[in-house]
Amino acid sequence: MLAYITRRIFIMIPTLLGMSVIVFFMLHLTPGDPAELLMGERASEEALQDIREHLGLNKPVYVQYGIFLKQLLQGDLGETIWTRQKVWIEVKQRFPATIELAVVALFISCVLGMILGIISATRQYSIFDYLSMLGALIGVSMPIFWLGLVFMLFFSLNLGWLPMSGRLSVGVELQTITNFYVLDSILTGNWEALRDALWHIIMPAFTLSTIPTAIIARMTRSSMLEVLRQDYIKTAKAKGLSQFKVVFKHALRNALIPVVTTIGLQFGVLLCGAILTETIFAWPGVGKWMYDAVMQRDYMVIRGGTLFLASIFIVINLCVDVLYAVINPRIKVQ
Amino acid sequence: MLKKIGVFLTLIVFLCAGTALAAPKQGGTLVFGRGGDSVGLDPAYETDGNSFMICDNVFEALVFYQDESTALEPGLAKSWTISPDGKTYTFKLREGVKFHDGTPFNADAVVFSIGRMMKDRQVKFFGKGLDIPAQERVPEYWVSMEMDDTIGSIEATDEYTVVFNLKRVEAPFLANMGMDFADIISPTAFMKNPKEFLRNPVGTGPFKFEKWVKDDRIILVKNADYWDKSGGPYLAKVVFRSIPENSVRFLELKAGGIQICQFPNPADVDLARKDPNIKLIEQPGMNIGYLSFNHTKEPWKSNLHLRKAIAYALNRKAYVDNIYQGMGQVAKNPIPPTMWGYNTDIPGYPYDIEMAKKELAAAGYPEGKGLPEITLWSMPVPRPYNPDGLKIGVAMSADLAKVGISARIVSYEWGTYLKRQREQPDDMDLFQLGWTGDNGDPDNFLAVLFDGMASSSIRTQWQNKEYHQLMQDGKLTVDQAKRAEIYKTALKVFYDEVPAIVIAHSTVIWPARNPVMDFKLHPTGSVRMKNVWLK
């Protein structure tokens, strides 16, 4: 197992390298010029030249790539064009916000999605089955943007139950250590901040979780249906086991494998795809940061950010593969 | 009875006077909702409004713009004199002013702050002097305002006197010294860590920088030792929150999460009008959106009738009503009406299809015959002076079709648009662009935008000797009344020659909650919290 994991980690290197080449050259193929965007309407040729020179953008692309690679080997992702800050510091400031949101959203979608899926499968063609699958369909097709605004109007503006946007209320102080607000407030014993941070995360996490919930529910349902038709389930039922035991002990574990794959992939989607949710809820995470970088052609941020996200993606896939073996001991690592 | 009425009336008068002259209340936290985060907080190196917004409250310059205009008043300099030849400016500085880090503000701080932007650092300190570190990057505003061609040297002649020796007479120089890039910073704080100063700004302003949570909020606290005791700061704390989505920002205002909402959607402004808890703060923007021609090629270069035909053909009022959604006014001159030098005698070109057809025929293209399909470059992004370039492009194209001109809309990604536009390519006939003023000087519109003879980087490469001469005269004349006359003449030339069709000046409308008092929008777009208080 250990050897397998080590090998997988080594395979990461060429993957990341290949990705860095693609991202780098694709960036330079897309039109747009950061110097031009920095200066806007007031650009003079002289000022533009000065900026390009300062940023090293007037060097040939392969030289720029060489510099980038050299920095990367030294563990340096470079400095952002706009904010003049080390890319990894910017990542460190924003990544926790995104992960926190994604974890809570994933938790919601796992619990909700699996419950819906199991009930649907066990009561196939019942009203409940139709309703939950209709719900799943709506969940997949509902625009996050619209849903987020509806939630805000209803729960914040009309009912006043939940805060509308941001991670923490103005006036609530929190000493940050890891930048995971929930974690930090527990670490510092700041219960007011904990309550406030949790209160803030509910609505964005719920909004973000709608699509994964729907996907997980459908996946669980179909996978369960297949398993429930197997002979060993019939045997279990014939043995006189309770419905609960049959479903949760014998069926679920076997049905989980495709579901776990889906969950793993969904986590990646949540991390990278939170742009809309982050924008609506003014959530200071990676999605919005990367989006802005693309619009402003901040090459350093895009390169560093994608590389970082890609590594996370690879690690998640690795975790999923390892989880397979844990869930189903029949799958042996070759 | 009469006595009683008298007492009653006196009471009423007192009550009214009491409410009208209500003294500003100290304390409180104001939350300002804005569309994006600041990029950095070193005024010399920033280029965006969200960064300047913070700098406006943390830093100060030698001269200030007045509350709601760009007229100048003493700032960190209490007075100044200009030599008869207009090339030497001597500033007398305010004494007893301290930076937020406790170090004193003096002439050396001025030499340091401005001198660090010079390419060739001709500076002299009064005290023991400071070794200004090399520039981390280009001070973009300094370069684009051509300050290296203006300032020869800066000298501190005593602790509170600074002398600027100019290379050339430059009338807008004083106004430039009021801009953000000319803010005075604490040299001590800068030298402590030059690379991190943009995240730890230290100035003399009414508010001190406290904390920055990236993409979330910037917190400023009151500077209790502020030198000007006659007014604010009154607020204990100002929080600038980034809420990127316009509708959400407005909802936050309605819910009371923020007190001022920057750039609402036009549709939300109507909702705000109906909300009894919200008031609207308005200011005509110091900007212009225009449509210009590719003056490097025919027929645009020399066919005045054709240019006029297009000016008559466009229904600009409809654009303002429908696309600016009323948040703007149709322009007659390329400078906004609030600016000195504005020529009220210019009638502007009305929407008149018959006149357009007549001019088109005089241009040699009766009913558009003989004129091949033209390109109409339309901006891909909303800007303060033009909320939706593509929509305006579509409307213009429809208007042009009515007189027989067929125009194809062309658009690029914004950076490419700006870059290609400057190259004046052959495939560009008409282009939309605009400008937001920096310092309230007409030169900052008229020369920067339209004097194509001054430099090849001027966006409108219109070459007109008379106009160019007027622009030169404007720069070299120091007396403002005389300059105003020069610019009025230039605006007449502009009207006659139609180098560009001015579309509109937008109006800035920001809703705020009722308790916010004395918040005024500034034409330059700067956001000042100094005299703001909460009822």
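Normalised by 2.2 N^0.38 Å, where N counts its residues, the alpha-carbon radius of gyration of the protein assembly as shown equals 1.09.
Summary value for the stretch B:193-347: 12 percent relative contact order, contacts being C-alpha pairs under 8 angstrom separated by 6+ residues.
Positive contributions from Lys and Arg (+1) and negative ones from Asp and Glu (-1), summed over other residues with Cβ under 13 Å from the Cβ of A:G285, come out at -2.
For chain A, the mean residue ellipticity at 222 nm estimated from helices alone is -24000 deg cm²/dmol, where every DSSP H run of n ≥ 4 contributes -39500 (n - 2.57) and the total is divided by all residues, rounded to the nearest 500.
Put a plus charge on the Cβ of each Lys and Arg, a minus charge on the Cβ of each Asp and Glu, and nothing anywhere else: the dipole of the stretch B:225-383 about its Cα centre is then about 100 debye. Each Lys and Arg contributes +1 and each Asp and Glu -1, all at the Cβ; summed about the Cα centre of the stretch B:348-474, the dipole is approximately 340 debye.
Placing unit charges on the Cβ atoms of the charged side chains and taking the dipole of the protein assembly as shown about its Cα centre, the candidate lying farthest along the positive direction among A:G117, B:P511, B:W462 is A:G117. Mean sequence separation of contacting Cα pairs (under 8 Å, at least six apart), scaled by the length of the stretch B:134-196, corresponds to a relative contact order of 24 percent.
When the charge dipole of the protein assembly as shown is built from unit charges on Cβ atoms (+1 for Lys and Arg, -1 for Asp and Glu) and taken about the Cα centre, the candidate among A:A236, B:Y495, B:V320 whose Cα reaches farthest toward its positive end is A:A236. Of A:S109, A:S311, A:S242, the residue with the greatest mean-square motion in the GNM of chain A, using alpha carbon springs below 10 Å, is A:S242. Lysine pair count for chain A with Cα-Cα distance under 20 Å and sequence separation of 8 or more or different chains is 9. In degrees, nearest 10, range 0 to 90: what is the angle between the Cα axis of helix B:49-58 and the longest Cα principal axis of chain B? It is inclined by approximately 30 degrees.
Each residue of the stretch B:279-290 in turn: what ³J(HN,Hα) in whole Hz from Karplus with 6.51, -1.76, 1.60 and θ = phi - 60°, glycine and Pro shown as x? Ordered by residue, 3J(HN,Hα) equals 10, 10, 10, 10, 7, x, x, 8, 8, 8, x, 9 Hz. Could you please report the charge total around A:S20, scoring K, R as +1 and D, E as -1 over all other residues with beta-carbon less than 15 angstrom from its beta-carbon? Result for the local shell: +1.
Once C-alpha pairs closer than 8 Å and six or more residues apart are averaged by separation and normalised to the residue number of chain B, the relative contact order reads 20 percent.
Put in order of Cβ neighbour count within 10 Å, fewest first, the listed residues B:C55, A:C319 become A:C319, B:C55.
Taking other residues whose beta carbon is less than 12 angstrom from the beta carbon of B:T436, and scoring Lys, Arg as +1 and Asp, Glu as -1, yields -1. Each of B:L280, B:L418 has some number of other Cβ atoms within 10 Å of its Cβ, and from fewest to most they run B:L280, B:L418.
Relative to the longest principal axis of the Cα atoms of chain B, helix B:480-497 runs at roughly 30 degrees.
Spatial offset of the stretch B:296-331 relative to the stretch A:194-208 amounts to 50 Å, using the alpha carbon center of each. Along the stretch B:261-269 the Karplus relation, 6.51 cos²θ - 1.76 cosθ + 1.60 evaluated at θ = phi - 60°, assigns HN-Hα couplings of 10, 7, 6, x, 5, x, 5, 6, 4 Hz to successive residues, with x for each Gly and Pro. Placing +1 on the Cβ of every Lys and Arg and -1 on the Cβ of every Asp and Glu, with no other charges, gives chain A a dipole of roughly 2000 debye about its Cα centre. Placing unit charges on the Cβ atoms of the charged side chains and taking the dipole of the protein assembly as shown about its Cα centre, the candidate lying farthest along the positive direction among A:G171, B:T375, B:C55 is A:G171. If I fit a long axis through the Cα atoms of helix B:2-20 and take the longest principal axis of the Cα atoms of chain B, what angle between them do I get, 0 to 90°, rounded to 10? Relative to chain B, helix B:2-20 is tipped by roughly 70 degrees. Membrane-span-like helices in chain A (whole DSSP H runs, Cα extent of at least 30 Å along the helix axis, mean Kyte-Doolittle hydropathy of at least -1.0): A:2-29, A:87-122, A:191-228, A:299-327.
FYI, it's all coordinate maths here, none of it is from the lab. Nothing here was measured: the structure is a model prediction, and the numbers come from that model. Positions of Cβ are generated from backbone atoms using ideal geometry, with glycine treated the same way; all protein chains shown enter the neighbour counts.
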